[in-house]
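What follows is one structure encoded as structure tokens, with my remarks underneath.
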Amino acid sequence: MARRDADFDALIVGAGFAGMYQLHALRDRLGLRAQVIEAGSGVGGTWYWNRYPGARCDTESHAYCYYFSDALLEEWEWSERYPAQPEILRYLNFAADRLDLRRDIRFDTRVTGARYDTEANLWHVETDTGETLSTTWLIAAVGCLSAANIPDIPGLERFEGAWYHTSDWPEGGVDFTGKRVGQIGTGSTGIQTAPAIAETAAHLTVFQRTANYSVPARNRPLDEDFTQAFRENIPHYRDLLRSTPNGHPFRLADRKVADVTEEERRKIYEEAWAKGGLQFRAVFKDLGVDREANATASDFIKAKIRETVTDPRKANILANIDHPYGAKRPPIDTHYFETFNRADVDLVDLRATPIVEITATGIRTTEATYDLDVIVFATGFDAITGPLLKLNITGAGGLTLAEAWQAGPRSFLGLQVPGFPNLFTITGPGSPSVLTNMPVAIEQHVEWIAGCIAWMRENAIAAMEADEDAAEAWGRHVNDAANATLLPTVPHSWYLGANIPGKPRVFIPYAGGLPRYRAICEDVAAQGYPGFRTKDTAGKTRATSNGLPPIRGFTAPLEAEPQAV
Ligand code: N01
């Protein structure tokens with residue numbers, strides 16, 4: 001139930017794709033007193049902060065946008081196959097204006113803590129502006145990749161040059177002209193930014209710890225014909241995005257590697273390479289689940305790296321990849337491997353010669369010292385749980401989220417955490433989130449949360465939280481879903497939290513695919529929210545402590561879902 005004595009019915013943390021749509025759904029559809037709290041000075045979330053050179057979305061632009069509104073789809077026109085960061089930021093500003101969101105977004109304000117008052121059924125949310133705001137529902141729309149990982153390398157404080165993490169890039173950019181730049185990290189971000197930095201820097205040294213696959217993006221301008229055809233087929237694209245396991249606008253081929261001859265397979269991979277993009281991994285349905293099948297794609301890409309990179313030393317370091325293709329998030333690139341053919345770009349193999357320290361003038365490895373003017377950390381994130389833990393949330397009975405998640409995140413459906421009533425986590429741990437095209441997963445969560453809140457209001461429910469048993473059962477299902485794929489086989493994957501020292505090793509996102517996940521969420525809602533404890537306004541509680549009733553999707557064989565991003 002919404003409360004008149006609270007400052008707000010709903011507070012939403014974060015004004016990215018998720019928070020913006022959640023505000024619209026709660027304020028304009030349900031009529032709630034809702035507000036967004038945003039640390040940045042503008043909307044955009046990840047696209048507000050990640051302004052590094054070369055920042056671009058790996059999802060094709062016509063699929064990387066809101067689909068809840070035909071008007072937004074029809075009024076906006078993308079200029080390239082993959083949108084660059086400035087264009088996505090313009091798009092999100094356009095959406096904010098079109099939906100008149102800004103008047104209910106508190107910019108330049110960071111949430112520093114949130115505490116649940118069980119007696120009053122209210123959240124008290126503290127901000128760095130010194131305010132404490134009360135709200136019935138608290139919705140974390142903080143993104144999965146917004147807590148930067150700056151590795152604890154000895155000596156950084158002594159470095160006399162400038163250093164940046166890619167996700168906290170200065171608004172005006174960084175001028176690399178005449179500068180010797182060291183870049184640490186070769187994930188999706190590093191692979192995007194190295195070619196762009198090399199364009200202007202005097203010299204670039206890339207420090208690689210784990211070699212990575214990448215497939216050419218083949219970015220290109222979009223023409224009027226494409227835009228026209230897209231606008232005429234919006235329902236088709238909407239259905240497509242909502243029916244594929246990872247919410248991308250392409251289907252997985254209905255064939256296995258062994259179904260074709262070696263010659264046919266080579267042709268299929270060559271064609272996919274020439275076409276470019278994330279759909280490279282969709283040409284066979286067993287690449288994400290079968291090691292032997294996967295090896296054919298992995299070997300193909302490694303051979304491409306060796307063909308592209310002319311210096312055999314660099315080619316060896318780049319092609320020495322130790323995990324199956326796609327078992328870590330597969331990057332796509334614009335001239336990444338070609339960049340290493342430049343005389344002013346060097347590559348250091350940190351597996352062979354680890355970093356010892358950062359000195360006043362550069363980076364020292366076990367083998368050499370590299371003099372640098374600028375260090376760029378493309379070192380990723382404390383993913384999915386990091387941004388939620390940074391909110392300093394204390395739930396019912398004084399339990400902190402950090403305590404509740406000491407052994408790894410627990411939640412039901414990645415939407416609610418036992419012990420944290422009326423807190424919702426958009427794309428939280430245990431939901432498809434980072435294994436999907438994010439806006440599709442976000443829309444599904446936002447709409448489910450709005451539906452759940454509407455149900456609570458209709459049924460005079462004062463508080464609702466995930467049941468312990470349901471969270472336990474869901475945790476097992478999340479594990480089973482991951483184990484049906486090659487995803488958990490990479491020990492150094494951030495999907496397992498392995499990039500953050502001390503983080504529990506738990507496979508975090510849900511790998512069962514979006515359609516199955518959507519069906520489970522819809523079934524839970526249709527059955528009156530089994531798996532959640534509720535307390536009504538008269539103080540009467542309801543719990544489903546005897547396990548869960550049959551829910552569609554729990555029972556279907558997991559191998560049916562081919563693979564995740
Ligand atoms: O981060 P990462 P990212 N010493 O964690 C290395 C999304 N994204 O920012 O692999 C030396 O993947 C680390 O090495 P290793 C996308 O989901 C989306 O690149 O741990 N190196 C790795 O090479 C992506 O997956 C888009 O051995 C260290 C790199 O830093 C996610 O963001 C675009 C180190 C980190 O790679 C994260 O990508 C870009 C250390 N101490 C990114 N610590 C879109 O298209 C870490 N590394 C929307």
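Being modelled with pLDDT of 95 or more, over 27 Å from the mean Cα position of the chain (by Cα) and either on the phi < 0 side of the Ramachandran plot or not assigned by TED's automatic domain parsing to the domain that holds I332 (or both): is that true of E232 here?
So E232 fails the test.
For the subset of the stretch 327-376 comprising residues that are assigned to a loop (DSSP other than H, G, I, E, B) and small (G, A, S), which member is farthest from the ligand (Cβ to nearest atom)?
So the first thing to find is which residues in the stretch 327-376 are assigned to a loop (DSSP other than H, G, I, E, B), and the list is 327-331, 334-335, 340-344, 350-354, 359-361, 366-368, 372-373.
If we keep only those that are small (G, A, S) too, we end up with 327, 343, 352, 360, 368.
Numbers: A327: 12, A343: 24, A352: 13, A360: 19, A368: 16 Å.
Selected residue: A343.
Residue check: is L11 away from the ligand (no atom under 16 Å from the Cβ), in a loop (DSSP other than H, G, I, E, B), more than 18 Å from Q444 (Cβ to Cβ) and touching a Leu at 6+ places or on another chain (Cβ under 7 Å)? Step through it out loud before you land on a result.
Details: away from the ligand (no atom under 16 Å from the Cβ): yes; in a loop (DSSP other than H, G, I, E, B): no; more than 18 Å from Q444 (Cβ to Cβ): yes; touching a Leu at 6+ places or on another chain (Cβ under 7 Å): yes.
Judged against the criteria, L11 is not a match.
Which one of the conditions (1) closer than 30 Å to G277 by Cα; (2) in a helix (DSSP H, G or I); (3) charged (D, E, K, R) does E77 fail to meet, given that it meets all the rest?
Going through (1) closer than 30 Å to G277 by Cα; (2) in a helix (DSSP H, G or I); (3) charged (D, E, K, R) one by one, E77 breaks only (2).
Determine, yes or no, whether W455 is in contact with an Asp or Glu (Cβ under 9 Å, 6 or more places away or on another chain) and either crowded, with 22+ Cβ neighbours inside 10 Å or not in a loop (DSSP other than H, G, I, E, B) (or both).
no
Taking the residues in the stretch 215-244 that are within 16 Å of the ligand (Cβ to nearest atom) and buried (at least 21 other Cβ atoms within 10 Å of the Cβ) as candidates, determine which candidate is nearest to D70 (Cα to Cα).
L241
The values are calculated or read from the model by the stated rules, or taken from the named source; none is laboratory data. Note that the coordinates shown come from a computational prediction; the quantities given were computed from them, not determined experimentally. Every residue, glycine as well, gets a Cβ built from its backbone with ideal geometry; the counts of neighbours run over all protein chains shown.
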